[in-house]
Amino acid sequence: MKDTQGGVRHALCAFMPCFFMGVAAVEGVAIASEPHAVSGPRETSTVASSLRRARQARDAGRWVEAEAAYEAALTAADTAWTTDAERAEIAAELGLCELALGRYRDAADHLAQGLRHRDALRGGLAKRAEEGLKKAESRVVTFYLGVSPPDAEVFVDGKAVGRPAPTYELFLEPGHHTVRARLTGHTEAVSAFEGQAGKDSSLTLKLPRAPERGAPGAADAGPVRAVDPAARPAARPALPLPELRIGGAALATAALAAGTVFLLRAEVIDGNMAEQDVVRRRRGWTSTSCWWPDAPSACAGVRKEAVERARFATLGNVALAAGAVFGVATAASFLAEGWLLGGTPAREGVHVIPSATGTQAGLALQGVW
């Protein structure tokens, strides 16, 4: 009996160390499978203590202390076991503290971050955040930036703006800003703009692909031969013929149209004078009545109409002559192109030919559009 009891005790003593070792091994596996089990609770407690200090300072009106505590809580929340809603609430409270301190750019940034989860903000915080964001945006520049390709690295005033994205919403101080984007294998894009407080600015940066090394180009074109400057052909005159032709056609059209209007006006006055002359003849007037020393007072109006008729007739003739000159010069430019430029005149294009008669004026356009 004693031998049996001794054997049992010996078996128990041999089994107990193995049992505890097994428990330790199981605990070690559980801890190893949860790498954040140590750091998570510690960071969570940091968030909780920072929030407690931040709320006490906020309620007491100590905005500097509250801002520092909320910022510490937001930094710790990025690595702790917190939800998006909790981080949004911390960011909104931080933005309101920065707004009270007059740090409008940072306030707009954090308030916008909090309002991305508007439905998760409790206790009227969403409304206070919206009102605060409007106030902050009136003091800063809201900058919308688009980048193509979207994985380019973006810098504003020399500072990186974060992880690459196709579009950015940034809040900047009013004034001059420089935006730069770079990506391996692409040409760097740089732009600048002047931002005004309370106004939005937008910009799109496109990075063209850089030419590949060894691509066919000037390097593969063979040896470069020296050219004697005296042997180079004389430079041709750089005449903007298309622009001159368009301008000449426009001037010719305008002058001919104005001349036609003036002549029509003179013809109308002449017709009115003829009708009035018939009426006056029926009353006993003659063609020389207005030249008598005791000419009636109505002759003043007759003389005025005669002067006006002559003036419009003169202006019409001058305008028609000017339009004809511009039209002829424009048409002649096509014929003189070979003489001016030392080549053959273009066979394609639009030919402008002025046309004027006693009752009509205009331009005829011929050619390939």
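A short reminder: the numbers here are calculations on the coordinates, not readings from a lab. The structure presented is a predicted model; accordingly, all values stated were derived computationally and were not measured. Ideal geometry is used to build each Cβ from the backbone, glycine not excepted, and the neighbour counts take in all protein chains shown.
Put simply, the amide H of HIS186, placed in the peptide plane, has neighbours under 5 Å in ALA210, leaving out anything fewer than 5 places away on its chain.
Using C-alpha pairs below 8 Å separated by at least 6 residues, the relative contact order for the range 170-210 is 42 percent. Ranked by the mean number of other Cβ atoms within 10 Å of their residues, highest first, the peptides 72-79, 145-152 fall in the order 72-79, 145-152. Just check the range 83-199 against the gyration tensor rule for me: Cα atoms, a ≥ b ≥ c as the square roots of the eigenvalues, rounded for a/c under 1.5, and otherwise prolate or oblate depending on whether a/b exceeds b/c. Note, shape of the range 83-199 comes out oblate.
Cβ crowding within 10 Å, taken as a proxy for footprinting-reagent exposure, orders ILE90, ILE269 from fewest neighbours to most as ILE269, ILE90.
For the range 36-139, the dipole from Cβ point charges (+1 on Lys and Arg, -1 on Asp and Glu) about the Cα centre works out to 260 debye, to the nearest 20.
The residues packed around GLU308, meaning those with a beta-carbon under 13 Å from its beta-carbon, carry a net charge of +2 if Lys and Arg are +1 and Asp and Glu are -1. Candidates ALA88, PHE155, LEU121 compared by Cα position along the dipole of the range 82-220: farthest toward the positive end lies LEU121, with charges placed on Cβ.
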